[in-house]
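Q: Following this message is one structure expressed as structure tokens.
Only the coordinates and a few stated rules stand behind these numbers; no lab work does. This structure is a prediction, so every number in the text was calculated from the model and none was measured. Note that each Cβ is placed from the backbone with ideal geometry, even for glycine, and that neighbours are counted across all protein chains shown.
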Amino acid sequence: MQYAAALWLLVAGCGFSAPAGTALPGDDAPPPGDAPRDVDAPAPPAIDAAIDAPMQLVDAPCADEDSDGVCDTVDTWPCGPAPTAPGNTVTWDNVDNQNRHQTITLTNAQAGGMKLLVVAPGASFTVAASYSILDCICSGCIDQIQVGLVPGATKQCIYSSNPSCSPATTGNGNTTLTAPATTGVYDVRFRMGQDFSCTGNSGMNVGWWDNMPPGAAQTVAKICVH
């Protein structure tokens with residue numbers, strides 16, 4: 001009897017390890033020793049392709065000085081959104097109370113060979129056009145076809161003589177204008193003058209006839225001073 005009790009105490013004092021997969025009191029039951037390991041479900045094809053795709057670099061925004069949405073490196077009109085080019089044929093007409101006409105028509109007018117010209121401040125450029133002019137109101141008057149910049153008062157002439165009433169006097173003319181020092185957009189416009197010469201009665205280039213610049217309908221080209 002004493003021998004059996006001693007043997008029990010010896011066994012109780014020894015370390016005891018439960019077999020794999022055996023739950024001990026108070027422990028969560030581990031999976032069986034031969035249970036398979038957890039395996040993640042495969043990613044959907046679209047997500048898998050996105051993960052494998054090479055990274056796309058985003059270019060930095062390009063320089064756009066005039067904020068027109070066109071990069072400066074390819075912007076052909078650096079004065080804001082590019083305007084619509086004026087028409088190829090532009091006419092000015094004046095009618096008196098006897099239904100007599102003074103009429104000027106400019107065809108293919110260009111500034112620097114273009115309808116929309118970019119030019120440096122203070123630079124000179126040529127305005128050229130084919131013209132038709134008739135004056136049935138003042139048969140003895142010397143008439144001018146004045147061209148110049150609006151805004152601005154400086155003008156030059158592509159014609160200065162006494163035109164006929166019928167048929168109209170036609171020809172080709174050109175003159176040189178100087179871009180303003182201030183950057184911006186300017187219209188090249190024309191109108192009729194009636195001085196003794198293009199430099200005015202005083203011999204000075206005094207600006208538009210009657211100090212009245214032509215309206216927007218007489219625009220034949222535009223310049224961007226930049």
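Q: Students often check this: by mean Cβ neighbours within 10 Å, which of 76-87, 180-191 ranks highest, and how do the rest follow?
A: Highest to lowest by the protection proxy: 180-191, 76-87.
Q: Could you work out the per residue convex hull volume over the alpha carbons of region 79-225, in cubic angstrom? Spell out each step's value before the answer.
A: Working: hull volume 15.2 nm³, N = 147.
Roughly 104 Å³ of hull volume per residue.
Q: Let me ask you something else. Rg to Rh for region 139-220: what is it, with Cα atoms only and Rh by Kirkwood?
A: Over the Cα atoms of region 139-220, Rg/Rh equals 0.98.
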